[in-house]
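The block underneath contains the structure these notes are about, expressed in structure tokens.
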Amino acid sequence: MLARQSPSAIATRVEDFTILIVEDHVVIAADLADAVQRSGGQVLGPVSRLSEALAVIATTPCDAALLDINLGHETAYLAAEMLQARQVPFAFLTGSEGDEIESRYAKIPVLRKPFSEMEIESCLRRLMASQRHACALIEKNSVTSKVVDGPQARIVDRV
């Protein structure tokens, strides 16, 4: 179970973001959903099976995701691949201390169970910062050209 914090105790909120939760333990999934909602985010899910996660990722946009690595007898790596292909930041959740995370995901944040609400909030802030950074880069790298229309000039952005 997570230690509860009042919304006023959370310094930086993760407002207006949708977070996909993929977790097969019902109590942990509920605690994660509560933490996301208290931080001002919207919850997508929670889902507990890989097939459900893949269906949600394929059909519903989200800003970030929290993925339990081990979902019963399967892993969430295929969901991680889909999120990466869509440039959606995510973090892994795990109760294991071993080297279970594949090396290709070495730079992905990991929350080790049990985790506190403060750790969840910190992880969400990190994911949202990376999402904002990616959006800023896209905007910065868009091609801007000037279009003259009579005596007035308009700026048109093309990506």
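For (1) hydrophobic (A, V, I, L, M, F, W, C); (2) under 15 Å from ALA29 (Cβ atoms); (3) in contact (Cβ under 8 Å) with a residue 40 or more places away in the chain, each residue gets a yes or a no:
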{"position": "ALA64", "(1), (2), (3)": "yes, no, yes"}
{"position": "ALA79", "(1), (2), (3)": "yes, yes, yes"}
{"position": "ALA85", "(1), (2), (3)": "yes, no, no"}
{"position": "TYR105", "(1), (2), (3)": "no, no, no"}
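Taking the range 107-124 as the range and being among the hydrophobic types (A, V, I, L, M, F, W, C), without any contact (Cβ under 8 Å) to a residue 60 or more places away in the chain and over 15 Å from HIS25 (Cβ atoms) as the test, the residues that pass are ILE108, VAL110, CYS123.
Any residue at all in the range 30-44 that is closer than 20 Å to GLU100 by Cβ, surrounded by fewer than 21 Cβ atoms within 10 Å (Cβ to Cβ) and out of contact with any Lys or Arg (no Cβ under 8 Å at 6 or more places or on another chain)? Within the range 30-44, none of the residues are closer than 20 Å to GLU100 by Cβ, surrounded by fewer than 21 Cβ atoms within 10 Å (Cβ to Cβ) and out of contact with any Lys or Arg (no Cβ under 8 Å at 6 or more places or on another chain).
Being outside any helix (DSSP H, G or I), farther than 20 Å from GLN131 by Cβ and more than 11 Å from the chain's Cα centre (by Cα) holds for only one residue in ASP31, ASP24, and it is ASP24.
Laboratory data are not the source of any read-out in this text; all were calculated from the coordinates shown. Please read these numbers as outputs of a predicted model, since none were measured by experiment. All Cβ positions, glycine included, derive from the backbone under ideal geometry; neighbour counts span all protein chains shown.
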